[in-house]
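Q: For reference, the structure I am asking about is given below.
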Amino acid sequence: MAQGSLSLHHSSMNLHVLCALYEPSNPSEEHRAIHTRIQEIQPVTRVRQELLITWRLLYANAREGLVLPVIGMLARFLPTPDLLNTTPWLQLSFVLLKTVFLFICHLYVFEIVNQVTSVEEDKVNKPHRPIPSGLLTVAGGHKRWWISWIVCPLLAYYLAGSQAGYLFIWYQLWTFYCYVWPKFNHFMYRNAFASVGTYNMFRLIDEIIYSEVPSFPLPPTSFYLVLSAWVMLTVHMQEFHDSEGDKKTNRLTLPIIVGPAWQGTLRWTTAFLVIGTGMIPLVITSKLSWDGRDKDFFDNAWIYNGTVITAVLHLSFAILTGLRCALSGGKEAYDRKTYKRFYMLAAYTMVCYLSFAYSTV
């Protein structure tokens, strides 16, 4: 209501200025002042409009596309307190700013395509988004699509180096493949998109850090592969709260494929996958502790304690996520909260665990 009143007041002010411009009694100096006022109003209005469109495009998936990489970046420094203490704060500030900015771009290049190509689904599931709400036209979406797909890789190249630019292009090609053409309508591609996107995301995080802190130790490829495999096995948790829109648009997600009759079985299977994979970090850590094979692991109390704590936290959130999924009863708001909060907490703690676990590799 407040936003509507503000918009009405702003429109009235614009109309008043335009009417004054065409009033015959106005002297030339007043005309020039009014012209100047119009030139001031229009750019501000366009900027505010664009910021509102960007906010509406991005905020629904900000936990996955923006909070996760920021936590991932912080988690990458957790096992290296000495490096953190010896790196100038200006460099660390640049790492944070680059991460936030480039992952706003990273999320934008995906969301603009996703929302331009899924207008009918968004009318049912997410009517607040810019296109179904009337804030943005499909043609305007296409224009922003092509501009962002040209500009964002160049910005990544400029801010974080050639590898970061290539990672952006790779992510855009993968987005095009999964959401534009050939756009296979199969649940495996839904999971694979998120899995490959996670691999790309954490490669990009490390490239951003490395661009400012060249002494930063990059993890082995298996770090990214393990995280991507976990996402591949569990990310269909996101499909339960969007079932109604998926059904109306004939999107073949797992809940739609199994149907209501097998919905309970799918939920319990998903719960076992999330909880089962959640146990693995703690089991591995316990086995290392029991065998005492990795001397570096035990000699460093910070690494050892961090690994144990994050493994326990991850298992805790995995259990909560799995039980909420299995016992939901099909409530859309409940399923949304399960994915957006509890599953994402399990993801954040998995990233922290892997950062500690791979710090001695």
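The values are calculated or read from the model by the stated rules, or taken from the named source; none is laboratory data. This structure is a prediction, so every number in the text was calculated from the model and none was measured. Cβ atoms come from the backbone with ideal geometry, glycine included; neighbour counts cover every protein chain shown. The accessibility values were calculated without ligands, DNA or RNA, using every heavy atom of the protein model including side chains. Shrake-Rupley method; radii C 1.70, N 1.55, O 1.52, S 1.80 Å.
Q: Can you spot a residue in the range 139-150 that is at pLDDT below 95 and among the polar types (S, T, N, Q)?
A: no
Q: Take the conditions on the phi > 0 side of the Ramachandran plot and not assigned by the TED database to the domain that holds F168 and apply them to G259. Does it pass?
A: In short, yes.
Q: Where the second residue is open to solvent by 60 Å² or more (accessible area, probe 1.4 Å) and outside any helix (DSSP H, G or I) and the first is touching a residue at least 24 places away in the same chain (Cβ under 8 Å) and lies in the range 48-68, which pairs have Cβ atoms under 9 Å and are six or more apart or on separate chains?
A: Pairs found: R56/H128; A60/H128.
Q: Now a separate question. Scan the range 104-132 residue by residue and report those that are polar (S, T, N, Q) and in a helix (DSSP H, G or I).
A: N114, Q115, N125
Q: Taking the criterion of being in a helix (DSSP H, G or I), touching a Leu at 6+ places or on another chain (Cβ under 6 Å) and not polar (S, T, N, Q), would at least one residue in the range 314-337 satisfy it?
A: Within the range 314-337, one or more residues are in a helix (DSSP H, G or I), touching a Leu at 6+ places or on another chain (Cβ under 6 Å) and not polar (S, T, N, Q).
Q: Filter the range 61-80 for residues that are assigned to a helix (DSSP H, G or I) and over 9 Å from the mean Cα position of the chain (by Cα); which is farthest from G140 (Cα to Cα)?
A: For the range 61-80, the residue satisfying everything is F77.
Conditions (1) open to solvent by less than 50 Å² (accessible area, probe 1.4 Å); (2) at pLDDT below 95, marked per residue:
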position: V308; (1), (2): yes, yes
position: L315; (1), (2): yes, no
position: I319; (1), (2): no, no
position: L323; (1), (2): no, no
position: E332; (1), (2): no, yes
position: Y339; (1), (2): yes, no
position: F342; (1), (2): yes, no
position: F356; (1), (2): yes, yes
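Q: Moving on to the next point. What about L252, is it in a helix (DSSP H, G or I) and either of a type outside the set (D, E, K, R) or closer than 30 Å to T117 by Cα (or both)?
A: Judged against the criteria, L252 is not a match.
Q: May I pose another question? Tally up the residues in the range 171-200 that are open to solvent by less than 50 Å² (accessible area, probe 1.4 Å), part of a loop (DSSP other than H, G, I, E, B) and without any contact (Cβ under 8 Å) to a residue 60 or more places away in the chain, please.
A: Counting residues in the range 171-200 that are open to solvent by less than 50 Å² (accessible area, probe 1.4 Å), part of a loop (DSSP other than H, G, I, E, B) and without any contact (Cβ under 8 Å) to a residue 60 or more places away in the chain gives 1.
Q: Of all residues in the range 326-340 being among the charged types (D, E, K, R) and free of Cβ contacts under 8 Å to residues at least 24 places away in the same chain, which is nearest to V235 (Cα to Cα)?
A: K337
Q: Also, I was wondering about something else. Restricting the search to the range 84-130, which residues are among the hydroxyl-bearing types (S, T, Y), open to solvent by 20 Å² or more (accessible area, probe 1.4 Å) and at pLDDT 95 or above?
A: S93, Y108
Q: Follow-up question, since we're still on this one. Within the range 104-127, is even one residue without any contact (Cβ under 8 Å) to a residue 12 or more places away in the chain and either farther than 26 Å from R251 by Cβ or outside the structural domain of T175 (by the TED database) (or both)?
A: There is no residue in the range 104-127 that is without any contact (Cβ under 8 Å) to a residue 12 or more places away in the chain and either farther than 26 Å from R251 by Cβ or outside the structural domain of T175 (by the TED database) (or both).
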